[in-house]
Number of protein chains: 2
Amino acid sequence: MEKKVIVETSARHIHLSAADVDTLFGEGHALTNKKDLSQPGQFACEEKVELVGPKGSLKVSVLGPERKATQVELSYTDARTLGLKAVPVRESGDTSGSPGLKLVGPAGEVELAEGVIIAKRHIHMTTADAEAFGLQDKQVVSVKIENDSRSTIFGDVVVRVSDSFALAMHIDTDECNAAGAFGVVYGEILA
Amino acid sequence: MEKKVIVETSARHIHLSAADVDTLFGEGHALTNKKDLSQPGQFACEEKVELVGPKGSLKVSVLGPERKATQVELSYTDARTLGLKAVPVRESGDTSGSPGLKLVGPAGEVELAEGVIIAKRHIHMTTADAEAFGLQDKQVVSVKIENDSRSTIFGDVVVRVSDSFALAMHIDTDECNAAGAFGVVYGEILA
């Protein structure tokens, strides 16, 4: 059985805590769904936040819904633009010891102490997908993307299994560019 | 035999024709060697040129010596910053039908009609290296780069053989970021 997975590119973005939404956009502000994402319940918001680093700043989209902790996901290219050093490649939620930066919204600013990561490439899948593929939560696999100029096999891809997920691999913009993975792209999981 | 090769990252840069050096830097100007590169006779210059695209501009280093034709080598990230679409992934020198842009130097400007490419990843090697590795000029190979977070196998890597070369693989900044290939990095050629 061929283990095919759609490969989606995540541009830089931010997840916000309810408290930081209040500070940045005003007390009691509700995030506005602009577009549903492939993962059930997740959406890109109309709201944007400015990230201010030691060297530069970048506007990023907010992804909803609110989360327990604010987390910024960048590419290495973005980290360099901002002047942030030692941004770790991590799984979502694993932000301990990561750098912070200043967030600027229309209603206020937040000095984020930590929470800036480069997302480790990963595949979301349901338990049924995992069983069909013979894979387990947290398993590390490789994924092959083929085209006519930049075919690439990405190693260190973390499998994440939950019935709240939909089957999709997520890479960042540097990884997308390196593999020429533009448009609708599928990868093959090499276990 | 393990086929090891050092992996070097080429940031965006420009090679200039003698005529374009004259226009950009002044009649009879000689390029100034700032730093020798790994390929014999090639050097990074003190001179910089501004690339002006439809959406933005970027400063790039000039690489010497002068060449027959002016050629700009970007990453996909750079192409997006400049607003250039359909920049092809090509081998050096193969610029037919590629986009152009405006070059701005201290003494003048050049409207480059074509010559902007994204360099296809490649390995420079001597005939002795090629014999030792059992590889040939223009052969397409894969190269594995291993580390603890972004191990990657790059396919579509072109072998280029000449006794004027030194053994080194060249990738662009997007590819470097995608593979976490910072510092002194070696890859293994998988033929």
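The values are calculated or read from the model by the stated rules, or taken from the named source; none is laboratory data. No experiment lies behind these values; they were computed from the predicted model shown. Because the Cβ atoms are built from the backbone with ideal geometry, glycine has one as well, and the counts that use them run over all protein chains shown. Please note that ligands, DNA and RNA were not included when accessible areas were found on the heavy atoms of the full protein model with its side chains. Shrake-Rupley method; radii C 1.70, N 1.55, O 1.52, S 1.80 Å.
Please specify each residue of region A:117-126 satisfying the condition of being out of contact with any helix residue (DSSP H, G or I) (no Cβ under 8 Å at 6 or more places or on another chain) and more than 14 Å from chain B (Cβ to nearest Cβ).
Residues of region A:117-126 that are out of contact with any helix residue (DSSP H, G or I) (no Cβ under 8 Å at 6 or more places or on another chain), as a first pass: A:117, A:119-120, A:122-124, A:126.
Across region A:117-126, the qualifying residues are A:I123, A:H124, A:T126.
The number of residues in region A:132-145 being of a type in the set (A, V, I, L, M, F, W, C), open to solvent by less than 40 Å² (accessible area, probe 1.4 Å) and not in a helix (DSSP H, G or I) comes to 4. Residues considered: A:V62, A:V52. Of these, the only one that is touching a residue at least 12 places away in the same chain (Cβ under 8 Å) and closer than 30 Å to A:S142 by Cα is A:V62. In the list A:D129, A:D156, A:D94, A:D148, which residue meets the criterion of being open to solvent by 20 Å² or more (accessible area, probe 1.4 Å), at pLDDT 95 or above, within 14 Å of another protein chain (Cβ to nearest Cβ) and more than 26 Å from B:R121 (Cα to Cα)? Of the residues listed, the single one that is open to solvent by 20 Å² or more (accessible area, probe 1.4 Å), at pLDDT 95 or above, within 14 Å of another protein chain (Cβ to nearest Cβ) and more than 26 Å from B:R121 (Cα to Cα) is A:D94.
B:A79 meets the conditions (1) in contact with a helix residue (DSSP H, G or I) (Cβ under 6 Å, 6 or more places away or on another chain); (2) open to solvent by less than 20 Å² (accessible area, probe 1.4 Å); (3) without any contact (Cβ under 8 Å) to a residue 40 or more places away in the chain in every case but one. The failed one is (1). For region B:100-116, the criterion of a residue being within 13 Å of another protein chain (Cβ to nearest Cβ) and out of contact with any helix residue (DSSP H, G or I) (no Cβ under 7 Å at 6 or more places or on another chain) is satisfied by no position. What is the residue count in region B:159-191 for residues that are assigned to a loop (DSSP other than H, G, I, E, B) and at pLDDT 95 or above? Residues that pass the stated criteria total 11.
As a summary of the residue check, B:G100 satisfies the conditions (1) more than 17 Å from the chain's Cα centre (by Cα); (2) surrounded by 17 or more Cβ atoms within 10 Å (Cβ to Cβ); (3) of a type in the set (G, A, S) except for the one numbered (1). Considering region A:1-120, the qualifying strands (runs of 3 or more DSSP E), each wholly inside and each with 2 or more residues that are more than 23 Å from B:S75 (Cβ to Cβ), run over A:4-10, A:13-17, A:33-36, A:43-52, A:57-67, A:101-104, A:109-112. Inspection of region B:45-61 identifies at least one residue that is open to solvent by less than 20 Å² (accessible area, probe 1.4 Å), within 14 Å of the chain's Cα centre (by Cα) and not hydroxyl-bearing (S, T, Y). Just a yes or no: is a residue in region A:51-60 of a type in the set (A, V, I, L, M, F, W, C), closer than 21 Å to A:A107 by Cβ, touching a helix residue (DSSP H, G or I) at 6+ places or on another chain (Cβ under 8 Å) and within 14 Å of chain B (Cβ to nearest Cβ)? Checking region A:51-60: at least one residue is of a type in the set (A, V, I, L, M, F, W, C), closer than 21 Å to A:A107 by Cβ, touching a helix residue (DSSP H, G or I) at 6+ places or on another chain (Cβ under 8 Å) and within 14 Å of chain B (Cβ to nearest Cβ). Residues in region B:11-35 that are open to solvent by 70 Å² or more (accessible area, probe 1.4 Å) and closer than 25 Å to B:I118 by Cβ: B:R12, B:K34, B:K35.
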